[in-house]
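The values are calculated or read from the model by the stated rules, or taken from the named source; none is laboratory data. What you are looking at is a predicted structure, and each value in this text was computed from that prediction instead of being measured. Virtual Cβ from ideal backbone geometry, glycine too; neighbours counted across all protein chains shown. Just the protein is used for accessible areas: all its heavy atoms, side chains included, with ligands, DNA and RNA removed. Shrake-Rupley method; radii C 1.70, N 1.55, O 1.52, S 1.80 Å.
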Amino acid sequence: MSTQSCALPSPIEGVLYQLPSEPKTLTAAVDAANKLIGSRLKPTLLAGPKLKSAGAEKAFLRLAEALGCAVAVLPAAKSLFPEDHPQYAGVYWGNVSTKKADAILQWSDLTICAGCVFTDYSTTGWTSLQPATHRIEVDSDNVKFPDHYYGHIKLADFLDALAKKVSKNDKSVVEYQRLRPVPPAIKAAEPSAAITRQEMARQIQGIINSKTTLFAETGDSWFNGVQMDLPKGAKFEVEMQWGHIGWSVPACFGYSVGAPDREIVTMVGDGSFQMTVQEVAQMIRLKQPILIFLINNYGYTIEVEIHDGPYNNIKNWNYAALMEAFNANDAHGKGFQVKTGAELAEAIKKAKSNTRGPTLIEIQINRDDCTNELVSWGHYVALANARPPIT
């Protein structure tokens, strides 16, 4: 049996996406949704991660341009709508949103949520979920809004059909122009100064191009990654639904094998890295030129902000030195340990020239040097976690 071919895996979602929409139900859903949209003054759009698995990204773009409204994305849907598009309004993540996305969605009286997944993480402890009366939720195989539910409808089919019926309403874009923040001018730090999170983010931003796929691990890497500006063609990967720590290392490895034309950049914290570090040896074995920024802040910083305790401390490693152990004298992984901005810039330069294997850059930063957004997010998630159980 070991020599026999096996069928490709077929999760239930894949089967659902292959089933055609029920025509009459699709028509009824589109008509009802269009009527609701027409009755509201300031609609907006929100992109969710299921757009990608449903193959509905282009349909979503067509609807956005037909409606002409402001468009935000959930963190896990970053890069599924072009960030250079004039209707783009940032990442919606409650009070840790980017580019004032929260302000425009809170101003809106109806948001079309396409392929969205709402969890305690993606809603900042359930603090950013709009009222049900202000939402049309379009899932992989159904559409629902107050007093309406339609099943057996493909996500892309609904978005495409709705795009052909809606009337243009750009009130939210006009309002957003008043809210849109001016991007801050971030100056380079003194090269010999101790590396900071801000300087690290500035330098990583500088290497992202149209061929880059950026992986952001659970933790402060989430917030660093979400705040990056992605040029057209760049892609973003994050595991937001469950917050699996250690996800990014094997995920970026599998991605690089499947998409050899992409330039893979991964940001991962030291605690998460220790969970799945062995996969770096596989990257070396298959000569995958992945660039890993290992952010060493000596523990589980995200957990500290949710609920601190001694269990958030871990044994420090010499992470950069692991690359030589994995190489075992016959491979080409590179490891660098940096403590200043100048050292980081030099390590990035050397990483770009390493095409025969992965490069790990260990960035040593202060444990308390994290984004303000992580502190705020952790506070609200902690409050949600502390709620008494429902009896």
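Details
- Within segment 120-133, the residues that satisfy the criterion of being over 13 Å from Leu45 (Cβ atoms) and of a type outside the set (Ser, Thr, Tyr) are Asp120, Gly125, Trp126, Leu129, Pro131, Ala132.
- Entirely in segment 256-338, the helices (runs of 4 or more DSSP H) that have 3 or more residues that are modelled with pLDDT of 90 or more and crowded, with 21+ Cβ neighbours inside 10 Å: 270-276, 279-285
- Scanning segment 93-131 for residues that are within 16 Å of the chain's Cα centre (by Cα), open to solvent by 10 Å² or more (accessible area, probe 1.4 Å) and hydroxyl-bearing (Ser, Thr, Tyr) returns Ser97, Thr98, Thr119, Tyr121.
- If you check Tyr92, Tyr88 for being touching a Pro at 6+ places or on another chain (Cβ under 9 Å) and without any contact (Cβ under 8 Å) to a residue 24 or more places away in the chain, only one passes: Tyr88.
- Scanning segment 126-143 for residues that are at pLDDT 95 or above, among the charged types (D, E, K, R) and either over 24 Å from Val91 (Cβ atoms) or in a loop (DSSP other than H, G, I, E, B) (or both) turns up just one, Asp139.
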